[in-house]
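Structure first, then comments.
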Amino acid sequence: MKFELVAKAFDEIEKTSKRVDMTTQLAALFEQTPAEDMKNVIYLLQGRLAPAYENTETGLGEKLVIQAIARATGYTKEDVEKKFKKTGDLGQVASEYLEKKTQQSLIRTTLSVKKVHENFLKLATLTGEGTQELKIKLLAELLNSSTPNEGKFVVRFALGALRLGVGDPTLMDALAHVHLNEFQKENTALVKEIDESTGKKSPEEKIRKIRMKLREQIEAKYNIYSDLGTLAQKLTEKGLKGLNNIDLEPGVPIRPTLAERLPLAKDIIEKLGKCIVESKYDGFRLQVHKKGKDVWIFSRNLENMSDMFPEIVDAAKKQLDCHTCIVEGEALAVNEETQEFFPFQITIQRKRKYDIDEKAKELPLKLFLFDVMSINDKNLMPLPFHERREKLKKLIMKGETIELTNGIITDSSREVDKFFNENVSGGLEGIVCKDLNAPYIAGARKFAWIKLKRSYKGELQDTVDLVIIGFYKGKGKRTEFGLGGLLAAVYDDKADLFKSITRIGTGFSEEMLADLHKLLSKHTLNHKPARVDSDVTPYAWVEPKFVIEVRADEITQSPMHTAGREQGESTGYALRFPRILKRRNDKEPEMATTVREIIKMYQNQKKVKVEEAR
Ligand code: ATP
């Protein structure tokens with residue numbers, strides 16, 4: 001497949017400001033994509049070369065890219081730098097210089113998707129000194145045979161800043177769109193049902209509903225096999241049948257189940273009845289996969305962290321009594337002398353690429369397992385939790401690193417409160433209560449788990465994770481950083497849109513302001529991004545890509561923001577006194593707090609106030 005087709009689609013997607021158009025453009029691209037290129041097209045759209053869990057780093061430095069542009073276009077490095085200073089987008093610079101080459105008929109477009117992927121893959125494997133020259137050569141080679149439009153995206157891809165704003169749900173929607181006819185033929189009863197329930201409403205609404213059903217099926221597979229490239233390839237090769245044999249596989253991470261919130265122990269007992277109440281450890285969530293001598297460790301957002309935690313790899317080999325298994329837990333550093341848990345700020349020091357062994361000796365981790373998804377290739381996800389926990393207990397052999405989470409079974413809210421207080425005074429974050437009968441619900445936030453965290457009066461009970469959709473220029477002292485505040489959004493998972501909820505100007509350190517400005521400048525757009533819904537206009541729009549953790553005093557109703565605003569109504573929700581805590585690199589934008597959660601938190605907050613007033 002010619003890369004030109006992909007670059008053309010990228011260009012259209014970049015310009016669109018409507019999510020529906022984005023889906024149609026993606027579907028049109030997929031229709032033209034042969035099965036052998038499908039994987040790579042999906043990865044390129046995701047801004048990657050392989051699924052996230054393979055950690056194939058693509059990001060090249062600006063300096064190197066500048067040299068490659070100069071070499072491919074015949075301009076000097078200084079020319080490229082000068083133009084870059086003006087436009088702020090090296091993709092644009094490459095495109096303009098290539099345009100001049102086109103005018104002189106110096107370009108023959110021969111670039112294929114395969115070639116682009118191949119060269120970037122080679123680039124990704126080159127590390128260390130002396131590889132610089134080869135990297136420039138590989139990139140210049142691509143640019144040499146690029147049209148201006150292709151060059152723009154080759155450069156942006158190289159920098160890790162495609163600015164397309166496409167997310168996995170949009171990709172799945174587009175895939176569903178492509179396979180809609182086949183799905184309708186195979187599911188006549190469902191189509192009839194939707195037909196009847198939609199009544200005289202528009203045919204578009206009917207199609208939307210059917211497509212949603214198919215997307216759910218694709219997503220259910222994606223939740224247990226998080227490689228969208230492979231799924232799309234199978235769909236293209238075999239149609240919907242291609243999804244049939246997708247199942248859990250050691251080495252391919254499962255999308256994690258997520259916890260709901262309720263404000264009080266009595267609400268939790270009312271919801272779950274008799275349940276398991278577990279300590280909530282404040283560390284890293286890890287998914288551990290074992291297959292014979294091979295062990296993989298995946299993070300909350302499914303990155304491969306196997307090299308980072310050697311003691312856990314070791315322990316999985318020794319302490320998990322299985323040939324293959326997939327388990328999940330929270331790892332945190334423990335003070336070996338006192339057996340006390342270190343706070344998160346200490347545990348986080350273990351997230352590093354260098355001096356891993358020394359740090360592992362200084363701050364060894366303990367892994368508290370709370371679930372098991374498969375043992376010896378048997379998928380255990382459908383089993384009720386109490387059965388999975390029994391199996392997990394038996395799976396763990398005695399040792400120094402892996403343990404079962406601490407927990408009690410109760411139906412008394414007084415006991416839940418007591419356990420909560422014991423945990424909080426022992427330095428833990430709170431508790432997680434779990435439905436004894438629930439299956440493992442991959443990739444969704446359902447009431448199978450409910451978290452209760454320690455909180456302080458006058459503050460919202462939990463922090464929220466927001467997506468940056470824009471920024472403001474600084475005033476006064478902040479002008480020197482180029483950024484004075486952010487416009488942030490929550491995620492509407494039904495509509496696959498990011499809806500504005502607050503402006504944030506507090507909590508930033510000077511270093512944070514400078515870092516954010518550098519980062520966000522690479523991802524600005526000159527129009528509202530297609531998946532953003534906001535009436536507030538920032539100084540600069542930003543591709544919805546980065547997640548931050550924010551604490552606020554309260555959720556209020558507000559006419560300003562679109563989060564939670566129903567069609568035809570004028571109020572949405574906003575945050576009062578929001579302050580930024582940190583960036584959440586471990587979350588994708590679609591993992592941010594959802595509109596649904598905000599509405600629930602708003603209702604919970606009312607309940608807490610009533611309780612406090614008593
Ligand atoms: P979320 O994971 O719900 O999106 P978050 O990453 O901000 O939000 P928290 O709000 O702290 O996390 O709560 C959920 C997290 O608590 C889980 O993802 C997991 O990492 C952690 N955790 C700690 N102990 C447990 C436990 N016993 N059972 C389940 N999760 C636990």
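Coordinate-derived values only; no laboratory data. Everything quoted here is computed from the prediction, not taken from an experiment. Counting neighbours? That spans all protein chains shown, and the Cβs are built from the backbone with ideal geometry, glycine included.
Taking other C-beta atoms within 10 Å as the exposure proxy, L159, L121 rank L121, L159 from fewest upward. Using R0 = 22 Å, the C-beta based FRET efficiency linking I599 and K271 works out to 0.85. Pairing the Cα long axis of helix 62-73 with the longest principal axis of the chain, what angle in degrees results, from 0 to 90 and rounded to the nearest 10? Helix 62-73 sits roughly 30 degrees off the main axis of the chain. For the stretch 422-437, 3J(HN,Hα) computed residue by residue from phi via the Karplus equation (6.51, -1.76, 1.60; θ = phi - 60°) reads 4, 5, 5, 6, x, x, 8, 7, x, 9, 10, 9, 10, 5, 5, 9 Hz, glycine and proline entered as x. Counting only DSSP beta bridges with both residues in the chain, the antiparallel share comes to about 90 percent. Listed by chain and number, the aspartates and glutamates whose C-alpha is less than 15 Å from the C-alpha of K351, apart from same-chain residues fewer than 8 away, are D282, E303, D307, E311, E330, E362, D586. Within a straight-line Cα-Cα reach of under 17 Å, K234 can be paired with the following lysines, leaving aside sequence neighbours fewer than 8 residues apart in one chain: K39, K221.
Compute the helix-to-body angle for 385-395: its Cα long axis versus the longest principal axis of the chain, expressed 0 to 90° and rounded to tens. Approximately 90 degrees, to the nearest 10. Taking Cα centroids, how far is the stretch 320-349 from the stretch 396-448 in Å? Between the Cα centre of the stretch 320-349 and that of the stretch 396-448, the gap is 15 Å.
Given their separation in residues at 0.36 nm each and the Cα-Cα distance between them, K378 and E566 gain 63.3 nm when the chain is fully extended.
With N set to the residue count of the chain, report its C-alpha Rg divided by 2.2 N^0.38 Å to two decimal places.
1.00
The slack in the chain from S521 to S455, taken as 0.36 nm per residue of separation less the alpha-carbon distance, amounts to 20.3 nm.
What percent does the relative contact order of the chain come to when contacts are Cα pairs within less than 8 Å and at least six residues apart? Can you show the working numbers first?
Numbers: 1180 pairs, mean separation 77.4, N = 614.
Relative contact order here is 13 percent.
Stretching L121 away from K351 to a fully extended chain increases their span by 80.3 nm, per 0.36 nm per residue minus the current alpha-carbon distance.
Between rounded, prolate and oblate, where does the stretch 258-456 land on the alpha carbon gyration tensor, with a ≥ b ≥ c its root eigenvalues, rounded for a/c under 1.5, else prolate if a/b exceeds b/c? In terms of gyration-tensor shape, oblate.
So how tilted is helix 113-125 from the main axis of the chain? Cα-based, degrees 0 to 90, rounded to 10. Between helix and principal axis, roughly 60 degrees.
For the stretch 50-136, trypsin sites (Lys or Arg not before Pro) meeting the loop criterion (DSSP other than H, G, I, E, B) and having at most 16 other Cβ atoms within 10 Å: R108.
In this simple spin-label model, placing a label point 7 Å from the Cα along the Cα-to-Cβ direction at both N421 and K18 gives a separation of 5.8 nm. Note on K398 and K100: with the Förster distance fixed at 56 Å, the Cβ-Cβ geometry gives a FRET efficiency of about 0.20.
Which of the pairs K361/K451; K291/K453; K393/K600; K280/K587; K274/K398 have their Cα atoms more than 26 Å apart in this structure?
On the way: K361/K451 32 Å; K291/K453 35 Å; K393/K600 34 Å; K280/K587 19 Å; K274/K398 29 Å.
The pairs that break the limit, which is 26 Å between Cα atoms, are K361/K451; K291/K453; K393/K600; K274/K398.
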